[in-house]
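Computed from the coordinates by the stated procedures, all read-outs in this text should not be read as laboratory data. On a predicted model such as this, the values are computed, not experimentally measured, just so you know. Quick reminder, even Gly has a Cβ in these numbers, built from the backbone with ideal geometry, and neighbours come from all protein chains shown.
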Amino acid sequence: MPRSTPRRRRRFTAAALAVGLAGSLLSLSALPAQAADVPRPLGTSVPDSPKKALTSAKDKLGSHDRTLLQKAESGKKGTVTVLLATGEGDTKALSAKIADIGGHVGKTDDRLGYVRATVPTGKVTALAALTSVRAVDLNETYKLPDPSPDTADDKKSGSRTGSPAAPGKDTPADNPYLPVAETGATGFTAGHPSWDGRGITVGILDTGVDVAHPALRTTTTGEPKIQDWVTATDPVTDADPTWLEMRLNVTAVNGTFRYGGVDYRAPDGAYEFQIFDEAGTWGGELGGDVNRDGDYKDRFAVLYRPSDHRIWVDADLDHAFGDEDVVQPYAQSGTWGTFGTNDPETAVVEAMPFTVEYRDDVDLSARGGSSVGKSADFVNIGIVSGAHATHVAGITAGNGLFGGR
């Protein structure tokens, strides 16, 4: 995935951590709780007056999103993706209205009053004017900052002589690596040792958190830190290569089946099948090499059994699907699969962790044409597409950051 990534939704907890744009949920309890940005109030109901309704619709968009809408209109974009806030229990009715104007609903969460939809560009203002719509955001792309630890002086001079020595197990809380002393956090936690974020869940919307990183495994109270890992892109409209449309049907007989000239071993039965092509991640930090073996030509077979949502991933490329190839959604199992093999003699970890999730009966109508009225099952391979999210997760909820390998 590219470094510029659209908004995504993820979740976490304070004695736990979750990651993702992929989104993730983390529990804290490793660093003191920080004051969060206060969200703007949601809009109120639209008055009956047409003139006032138009004004309120603009207010629901805000100046920034109206500018995005104007750019879409001037660029003659046929559709845009919008993120809508509505009342709890109102998502079904709002989804029906979106369908009436020719839009496609990609995701709803009734408890949150959240609807993500792709709609005709010319219908956004009318959609914002609906009484049930409280606020509207247009989906957009953000340029992620570089999490490199180099200082400004180092970058100018090309030297790293001004950098502090590497941290170790004896590094104190007041240290050159994290600004916890400058923010008063060291004094705060000294006075309130249990006020370290325990019991709090944090959502990180970013490029995907490394679930295998030791500083993100457990909280200070010994609980699992990462609670969930979710890929929040839309399987149909976002052109995300990590979403696999499981449209191919295969049947294993006598422990084998054949696809694309390759014989695969699998338990007897009927499956949905697809190939995850690592070259699809070309252009991002991975450079199309998800198993870090030096090329971008590997193609990983994936099996899915909808009856029990069982997923097999041939991550080791041995063309065999056994119990060791089963990967379960992270929220369900707290486990992950791995592409590639780590070389303990190097200073970095070459093995790439990945998570999985599934969505059944996804509406394909947003593609138009012959796809209208059709649906398909999807499996996602949740890979870490960039370093930024793990960097952010470590700042937010890292536990035991110093002294490890």
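Quick rundown of the values:
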item	result
From phi via Karplus (6.51, -1.76, 1.60), per-residue ³J(HN,Hα) for the stretch 373-382 in Hz, x at Gly/Pro	x, 9, 9, 8, 8, 10, 10, 10, 9, x
Residue order, fewest to most surrounding Cβ atoms within 10 angstrom, among His319, His104	His319, His104
Cut-off under 5 Å, modelled amide H: who pairs with Glu357 long-range	Asn380, Gly382
Eligible aspartates and glutamates near Lys143 by straight Cα distance, threshold 19 Å, same-chain separation 8 or greater	Asp65, Asp206, Asp238, Asp240, Glu285
Residue exposure sequence - Ile226, Ile311, Ile381, Ile275 - by fewest surrounding Cβ within 10 Å	Ile275, Ile311, Ile381, Ile226
Computed FRET value (nearest 0.05) for Asp361 with Thr335, which takes r as the C-beta separation and R₀ as 22 Å	0.30
Cut-off under 5 Å, modelled amide H: who pairs with Ala320 long-range	Arg265
Likely footprinting exposure, Val327, Val348, fewest C-beta neighbours within 10 Å first	Val348, Val327
